[in-house]
Amino acid sequence: MVYNKETESEPRIYGVARTASAVLTHFLCIVFTVFIAVLSRPGTSWFSWHPFFMTLAFSFFMTEAILLFSPYGSPIKRFPHKTKGRVHWILQCLCVSCAVLGLTAISYNKHLNGKPHFTSWHGLLGLLTVCVVGLQSLAAVPLIYHSLAKGWSLAKLKRYHAASGLVTYLLASASLLLGLSSAWFTASVGEYTWYLSALCSALNALVIMNQVSSAYTAKKRLQY
């Protein structure tokens, strides 16, 4: 069966809505990252670097890395897919670097204060997320240099990478939400600000989930 692009194309309003959601996601991830930077005041203490770097990693770099492939909100929409892939990998490397710095900062801060490490769900999930993000970035190398993955088709590698990347992003979003429930954050903001902050992370996760799932639904249609 031949795929008919015209009959299967989505209504215009759907495209407008998805463009608006992508633009909103860009805005929210920037505003949320700046808000946490102002709130934590990086440099005032070792702990202050933890929320700053973690938010920069997961809310900004990781979100922007995935939005590069959005057909509705990519800032480099007209660039070749190969270029998008390389920029995506660079942003993910920056994400890993910031996440490691954030993890180092909180670990050293706990060491200075004689506190136990990774005793909360936020700490455990955060550690798991940093490890998974690092592995995810390393696993993406064969997508750039396909000769390293002999016996694997590029299409299959992309499919597995997208699926595991979505799981990684959801882990990062859950870690951020647990961080919003920490004693530091709840003591620093009011009730309405807390709900708005949680809404930012939740909305970003929903948009990314929709982007990935829509991309692979469209690919399946093309196969019929």
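The values are calculated or read from the model by the stated rules, or taken from the named source; none is laboratory data. All values derive from a computational prediction rather than experimental measurement. Keep in mind that these areas ignore ligands, DNA and RNA; they rest on the heavy atoms of the full protein, side chains included. Shrake-Rupley method; radii C 1.70, N 1.55, O 1.52, S 1.80 Å.
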* Asked: Taking the alpha-carbon centroid of each part, what is the distance from segment 45-90 to segment 132-164 in angstrom?
  -> 18
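State which helices in the chain qualify, where a helix is a whole DSSP H run, it must extend 20 Å or more along its own axis by its Cα atoms, and its mean Kyte-Doolittle hydropathy must be at least 0.0.
Working: long enough: 12-40 (42 Å, 1.60); 81-113 (48 Å, 0.28); 121-139 (26 Å, 1.55); 154-180 (38 Å, 0.94); 191-222 (47 Å, 0.30).
Counting only whole DSSP H runs, the qualifying helices are 12-40, 81-113, 121-139, 154-180, 191-222.
What part of the accessible area of segment 21-101, given as a whole %, is carbon or sulfur when the probe is 1.4 angstrom? Please list the in-between numbers first.
Working: 2970 of 3940 Å².
Of all accessible area on segment 21-101, carbon and sulfur atoms account for 75 percent.
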* Asked: Over the heavy atoms of Trp152, what accessible area does a 1.4 Å probe trace out, to the nearest 10 Å²?
  -> 120
* What accessible area per residue, rounded to a whole number of Å², is obtained for segment 1-137 using a probe radius of 1.4 Å? -> 58
* Structure fact -> Working note, segment 139-200: Cα radius of gyration (Å, one decimal) and Dmax (Å, whole number) are 18.6, 55
